[in-house]
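One structure is given here, and the rest of the page talks about it.
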Amino acid sequence: MSANDVVGNGRFQYQQNQLYCENIPLADLAEKFGTPLYVYSRAAIVENAHAFLAQAPAGALVCYAVKANGNPAILRLLAETGLGADVTSGGELFLALHAGFAPEKIIYSGVGKMPHEINAALDAHIRALHVESAMELELITEIASQRQQIVSIGARVNPDIHVETHPYISTGARQHKFGVSPETAVALIHTAAQHPWLKPVGVAAHIGSQIQDIAPFTASADFLVGLADELASSGIQLAYVDIGGGLGVQYASDNWEVQSEKIEKWVTAVAEPVRTAGYGLVMEPGRSIIAAAGVLLTQVVYTKSQDAKQFAIVDAGMNDLLRPTLYSAHHEILPVKVRRTSEVRRTLTYDIVGPICETGDFLAKERPFPPLAPQDLLAVFHAGAYGFAMSSNYNGRLRPAEVLVDGATAHLIRQRQTYENLLV
Ligand code: LLP
């Protein structure tokens, strides 16, 4: 693969031998804001969000999964575009409300909701809490009764659907901690229906993340519709079926696709059984909206060869982008500038590694590159989702800055941390 073969992806494309984000050379952003730097394309984010909205049936709710990327400016943009939010903690609820998501478009899923988090959700009057255990329902019941406030409840069901993805992010099989069994879900909804302060409104499932095949999602949708129909036959009419998130992206560049088209196909497929059965549809996409809309820009600090191995040591590490280390995830990495055509021929094989004191600190292993030298800039693709969101201060490193590009304008949407931040 060469920079000639790969012209780029989405809003990150080569023009005259250098990579741009929309109309700005990435090299200019590195110079202005420093590296490591997360760079996002506003157009890509909006395009992906619109793809969900365009195919969603009337009355459907697209709840962006805040965990994928909780940058306040990005959340604001998605709220303005008309999306709702799926939150998983009091912190994410705070971010979603702060960004202006309408409370009636916020749903809260998560296996370990704490009393203060449940109270915050009730204070905000969000759309629904998705319950993941009988004990959680008991606590919500107690809090709702004390407050004398009617609380909308969904049951998160574990449909026992096995999917092809990394085991750490497969969530919908029996042995996983998420959701409850279908029988328990039916029982919980019945309990809720009988309680004066609880209102059952939906059933939800999230079968996993980074799933490329559509079939498990339609199977999950069929399953949820079946469950809602069963409840309807016993007199409980639910308003919606929530299919969760999980649509994958193509990380490897051999088959890069138009993300918005992929989204449209997915929505059409999962909406069909839900719409036909007369339920509202809720979706919780994270990665599919934001992954391809972001890159992590990093600079080569040193190169060295050891035995037959070539290392490029860069200024981004596993604290900035954990996915390669944690999931052996493949992220395409392309040189920001290609100076000569001969450079495009990728003659050397490098491990791209960070400065952190762990052998697991790598961004890529055994990848072909043109000869790399200090100060060369590299762009790590598909870093928009679960990139900054999973970053840390490990090894006393500062969290990177984030920039949102809109045409020819770059907005700094998060400042790089300073050493003082390490003290608080
Ligand atoms: N809804 C629920 C209840 C979830 O748990 C998740 C993700 C989503 C929606 C959004 O899923 P998405 O559309 O982004 O696949 N850190 C991992 C991904 C963990 C996903 C956790 N849950 C990674 O970097 O691949």
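May I ask for the angle, rounded to the nearest 10°, between helix 90-99 and the longest principal axis of the chain, with both axes built from Cα atoms and the value confined to 0 to 90°? That works out to roughly 80 degrees.
Please report the net charge: other residues with Cβ closer than 12 Å to the Cβ of Met135, K and R +1, D and E -1. For residues surrounding Met135, the net value is -3. Of the whole protein surface, Lys262 contributes about 30 Å² of accessible area at a 1.4 Å probe radius.
Projecting the Cα atoms of Ile214, Ala316, Val151 onto the dipole axis of the chain, where Lys and Arg carry +1 and Asp and Glu carry -1 at the beta carbon, places Ala316 farthest toward the positive end. Among the listed pairs Lys105/Lys199; Lys32/Lys337; Lys67/Lys113; Lys32/Lys304, which have their C-alpha atoms separated by more than 19 angstrom in this model? Over 19 Å Cα-Cα: Lys32/Lys304. The angle between the Cα long axis of helix 259-276 and the main principal axis of the chain comes to about 10°, on a 0 to 90 degree scale. Find which of His176, His195, Ala205 sits farthest along the positive direction of the dipole of region 109-284, computed with +1 on the beta-carbon of Lys and Arg, -1 on that of Asp and Glu, about the Cα centre. Of the listed residues, the answer is His195.
Looking at the square roots a ≥ b ≥ c of the eigenvalues of the Cα gyration tensor of region 109-284, which shape do they give, rounded for a/c under 1.5, prolate if a/b is larger than b/c, or oblate? Numbers along the way, then the final one.
Numbers: a/c = 2.02, a/b = 1.68, b/c = 1.21.
In terms of gyration-tensor shape, prolate.
In debye, nearest 20: dipole of the chain around its Cα centre with unit charges on the Cβ of K, R (+) and D, E (-)? All intermediate terms of the calculation are to be shown ahead of the outcome.
On the way: 31 positive and 42 negative charges, 165 e Å.
With only Lys, Arg, Asp and Glu charged at Cβ, the dipole is about 800 debye.
A Gaussian network model of the chain, with springs between Cα atoms under 10 Å, assigns the largest mean-square fluctuation among Ala291, Ala232, Ala121 to Ala232. Loop-located GluC sites (Glu not before Pro) across region 194-300 with a Cβ neighbour count of 15 or fewer within 10 Å are Glu257, with loop assigned by DSSP. For region 345-414, the solvent-accessible area with a 1.4 angstrom probe is 40 square angstrom per residue.
Measuring r between the beta carbons of Tyr327 and Ser234 and using R0 = 41 Å, the FRET efficiency lands at 0.50. Mind telling me which of Gly208, Gly317, Gly110 comes out most flexible in a GNM of the chain, alpha-carbon contacts under 10 Å? Checking each option, the largest mean-square fluctuation is seen for Gly110.
Per-residue ellipticity at 222 nm, computed for the chain from helices alone with -39500 (n - 2.57) per DSSP H run of at least four residues, works out to -9000 deg cm²/dmol. Accessible surface of Ser209, taken over heavy atoms with a 1.4 Å probe and every protein chain present, rounds to 20 Å².
Per residue, the accessible area of region 109-284 comes to 42 Å² when a 1.4 Å probe rolls over the protein heavy atoms.
Put a plus charge on the Cβ of each Lys and Arg, a minus charge on the Cβ of each Asp and Glu, and nothing anywhere else: the dipole of region 109-284 about its Cα centre is then about 400 debye. Each Lys and Arg contributes +1 and each Asp and Glu -1, all at the Cβ; summed about the Cα centre of region 298-412, the dipole is approximately 320 debye. Relative to the current alpha-carbon distance between Gln306 and Ala269, full extension at 0.36 nm per residue lengthens the span by 8.3 nm. Compared with the rule-of-thumb size 2.2 N^0.38 Å for a compact globular protein, the chain has a Cα radius of gyration ratio of 1.03.
Using heavy-atom solvent-accessible surface (probe 1.4 Å) with all chains present, what is the largest-first order of Arg11, Arg275, Arg416? Can you show the working numbers first?
Values: Arg11 95, Arg275 130, Arg416 70 Å².
Sorted descending by solvent-accessible area, the residues read Arg275, Arg11, Arg416.
Only protein atoms count toward the accessible area here, which uses a 1.4 Å probe; on the chain, the carbon and sulfur part of that area reaches 51 percent.
The GNM of the chain, with springs linking C-alpha atoms under 10 angstrom apart, assigns the highest mean-square fluctuation among Phe12, Phe94, Phe178 to Phe94.
Label-to-label distance for Glu183 and His411 is 5.2 nm, based on points extended 7 Å past Cα in the beta-carbon direction.
The values are calculated or read from the model by the stated rules, or taken from the named source; none is laboratory data. What you are looking at is a predicted structure, and each value in this text was computed from that prediction instead of being measured. FYI the Cβ positions are ideal-geometry reconstructions off the backbone, even for glycines, and counts take in every protein chain you see. Surface accessibility is based on the protein's heavy atoms, side chains included, excluding ligands, DNA and RNA. Shrake-Rupley method; radii C 1.70, N 1.55, O 1.52, S 1.80 Å.
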